[in-house]
1. Please report, in debye to the nearest 20, how large the charge dipole of the chain is about its Cα centre when each Lys and Arg carries +1 at its beta carbon and each Asp and Glu carries -1 there.
2. Charges only on Cβ, +1 for Lys and Arg, -1 for Asp and Glu: so what's the dipole of segment 144-218 about the Cα centre, in debye to the nearest 20?
3. Please sort 249-257, 156-164 by packing, taking for each peptide the average over its residues of neighbouring beta carbons within 10 angstrom, highest first.
4. Just grab the label-to-label distance for Tyr93 and Asn182, each label 7 Å out from Cα along the Cβ direction, in nm (one decimal).
5. Give the residue from Thr138, Asn71, Thr209 lying farthest towards the positive end of the charge dipole for the chain; charges sit on Cβ (+1 for Lys and Arg, -1 for Asp and Glu) and the dipole is referred to the Cα centre.
6. Of the heavy-atom accessible surface of segment 81-212 (probe 1.4 angstrom), what whole percent is carbon and sulfur?
7. About the Cα centre of segment 98-175, how large is the charge dipole given +1 on each Lys and Arg Cβ and -1 on each Asp and Glu Cβ? Please answer in debye to the nearest 20.
8. Which lysines have a Cα less than 28 Å from the Cα of Lys246, not counting those fewer than 8 places away in the same chain?
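The values are calculated or read from the model by the stated rules, or taken from the named source; none is laboratory data. Being a predicted model, the structure only gives us computed values, none of them experimental. Ideal geometry is used to build each Cβ from the backbone, glycine not excepted, and the neighbour counts take in all protein chains shown. The area values use the complete protein model at the heavy-atom level, side chains included, leaving out ligands, DNA and RNA. Shrake-Rupley method; radii C 1.70, N 1.55, O 1.52, S 1.80 Å.
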Amino acid sequence: YVNAMSVDGEKLLFTRRIEANKERDQEDLFLYDISEQSVSSLPFNTEYNEGAITVSADGSMYVYTACDRVNSIGGCDLYIRQYSDENGWTKEYNLGKNVNSKMWESQACFSPDGKYLYFISSRNGGEGQEDIWRSEITKEGFIKAENLGSSINTSKAEMSPFLHPDNLTLYFASEGHIGMGNHDLFVSRRTTTDGFWNAPENIGYPINTHNSENSLIVASDGKTAYYTSDKSGFGKEDIFQFALPKHLQADPLDDLEIDIITQKA
């Protein structure tokens, strides 16, 4: 599954299911360097499941899903590691009860301004089975999560939110909005960064099919897109690249905008 892309467009972060032993498979995290066309394992994989990773625009915070940890609140929780050039990686921290619940949390995405963490949760109090929630990030940490509401969430499952670096365009997958298959990909827009999300638009055929499509991410140019599908490829779910049609594109970021959101605050 494709999870995230660095703002400079040079690296993809993704989850791969691997054969751990004869009894079970497990998931680990990997990085794909686009220019080098090389894949490397991230340094904090374990014998247990890690997946669905996201990175803040400044490259300092990495949030991912981990399951069956001794300090977990539910079965699968969101964890964070921070990175600095001076100190390297911090140890793994559970994001706590403002983000995690006794239910299932996964598939996080940072807003490009670093103010919010969007994620999927099956906790009570939402619109349906799995909803998109967000937690504001403050100097005191991550505050109590809020549901994105019925304009985005449905009585069925939503998954894989991705907020484009323009901070105005949200891509996600849903079973509940009118679609063509199991999960379809949708786009929703807002006019300001503190505004409401408009009604989602199905991105349509030939990307959406009667199969399952999810995990759409879009580069800062607004055009280059990646997603996960089981419709063809080398294995079960594979990662595909395509050019978004003009009416589905986010506004491209110029070099100054990219420089601003990648600065470490």
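1. On the way: 23 positive and 41 negative charges, 134 e Å.
I would put it at about 640 debye.
2. Numbers: 4 positive and 8 negative charges, 19 e Å.
Roughly 80 debye for segment 144-218.
3. Numbers: 249-257: 14.7, 156-164: 22.6.
Per-residue mean Cβ counts within 10 Å order the peptides as 156-164, 249-257.
4. 3.7
5. Ranked along the dipole, the leading option is Asn71.
6. Numbers: 3140 of 6450 Å².
Carbon-and-sulfur percentage of accessible area, whole number: 49.
7. Details: 7 positive and 11 negative charges, 43 e Å.
I would put it at about 200 debye.
8. Lys11, Lys223, Lys231
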